[in-house]
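These notes concern the structure reproduced below.
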Amino acid sequence: MTMHTSQKYTNCTLGNELLEQLIQEERILFTDAHSQVMPASIDLAVDSGWHMKGSLSRRPYETNWDVINQFQKAKLQPEDVLHVGETYMFHITTRLNLPEQIHGFANPKSTTGRDGVVAHLRTDGSTLNDVIPQGYLGDLWVEVTPEIFPIIWREGTRFNQLRLFKGNPYLSDQELIARYVKEPFMYTPYGKPIAPRREMFSNGLVQRINLDLEIPGFISKPNAKNLDPIDIDNAKGDIPFEDYWDILQVSSDESITIPKERMVIAVTYELNRLPFDLAGEMVKADERTSAGLSAHDAGFFDQGFGNVEHQIGSAGVLEIRAMNSNKLIRHLDAITRLRFSPVTQSTQHYGEKSHYQGQSYHANPRKIIPRLAKHFTMPNRE
């Protein structure tokens, strides 16, 4: 593969032009029409699935067929219900034959994360989740565990998405600071560019939770696992949010408590407006201080995120789950960090194919509302 459009960068994320080139060269093979090339990623569709006895670690050189044959409970049929706490393995319709210098990483799609579904990509012969080794040749799989709501799957459901990289794609803090000083791309809810401070930079830009809102977020119903299953492919926005979510209540001390096994949808205080040559990925703020807290399972931000007419930027939506015990979170606590990668030339940018373009922004900063998954209605914020 001729990497002519990435000569500007030694390390980069592949934009849609190079992804399309890999498809033309049969380095990326689709066996159906459901997978979709996005501005800096590929949505991965599934065609078949199995109910597993549980999630388990892989052994070197073990194939996913080996695991399925040994540990499956039953073969799934389209429109079967995936139950909370159960694990399922799906075959993905995309096959890879990557050039030696190309590797990748997978992340759940926004809808997957906002529905409280954990989805980890698996490759054959690797012990790592979500990692595509350099030069990988083979099929792709996704292990799915609903943790909040039961869901329905079908052939063509897209649980996760794939990014491909050349080299080490992420900017160091030194590189990020130099770029940000020249061109700030993070704003307060009141539209003021946030001046660079050293504590903002920690392997990316730190993102804090905003609880000073009229509707600060949503928390899943206590009996969520017993509710009617959600059709994860429904994009109509016709399911009443009140059936699955309560509006989040903030205490007088500006804190919230997340009971274990429940999930909160909230937003970042920072409004982000990504440049068109940088892709982002949301990850935990600090692994050492966030034990027992799962934050932002769906973390890919395409280049140009927040660049919407008449907007100064867009808040990031946070999916926060308490894993082992109740968790107390205060207004402006650091929850995630947004790390950045240069992206090769792309003819697309965020929003052209997204249900979430313009999410979580309002001219009145206190009227910002976290955007739920695309199936749900939203409260009126006028």
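Looking at Leu171, Leu211, which is the one that is in contact with a strand residue (DSSP E or B) (Cβ under 9 Å, 6 or more places away or on another chain), within 18 Å of Phe301 (Cα to Cα), part of a loop (DSSP other than H, G, I, E, B) and at pLDDT 95 or above? Break it down into steps so the answer makes sense when it comes.
Working: Leu211 fails: within 18 Å of Phe301 (Cα to Cα).
The unique qualifying residue is Leu171.
Could you identify the single residue in Gly116, Gly135, Gly85 that is touching a residue at least 40 places away in the same chain (Cβ under 8 Å) and more than 15 Å from the chain's Cα centre (by Cα)?
It is Gly85.
Identify, please: which residue in region 37-60 is in a loop (DSSP other than H, G, I, E, B) and without any contact (Cβ under 8 Å) to a residue 60 or more places away in the chain and is, among those, farthest from Leu227 (Cα to Cα)?
Among those residues, the one meeting the criterion is Leu56.
Asp130: among the acidic types (Asp, Glu) and either under 16 Å from Trp153 (Cα atoms) or open to solvent by 20 Å² or more (accessible area, probe 1.4 Å) (or both), yes or no?
The answer is no for Asp130.
Scan region 32-47 and give yes if some residue there is surrounded by 19 or more Cβ atoms within 10 Å (Cβ to Cβ) and either over 22 Å from the mean Cα position of the chain (by Cα) or not assigned by the TED database to the domain that holds Asn97 (or both), otherwise no.
Looking through region 32-47, none of the residues is surrounded by 19 or more Cβ atoms within 10 Å (Cβ to Cβ) and either over 22 Å from the mean Cα position of the chain (by Cα) or not assigned by the TED database to the domain that holds Asn97 (or both).
Return the residues of region 293-331 that are under 22 Å from Thr111 (Cβ atoms) and of a type in the set (Ser, Thr, Tyr); say none if nothing qualifies.
Within region 293-331, Ser294, Ser314 qualify.
Identify, please: which residue in region 157-202 is buried (at least 21 other Cβ atoms within 10 Å of the Cβ) and polar (S, T, N, Q) and is, among those, nearest to Leu14 (Cα to Cα)?
Gln161
The values are calculated or read from the model by the stated rules, or taken from the named source; none is laboratory data. Predicted model only: the values in this text are computed from it and were never measured. No Cβ is skipped: glycine too gets one built from the backbone with ideal geometry, and neighbour counts run over all protein chains shown. Note: areas computed on protein heavy atoms with side chains; ligands, DNA, RNA excluded. Shrake-Rupley method; radii C 1.70, N 1.55, O 1.52, S 1.80 Å.
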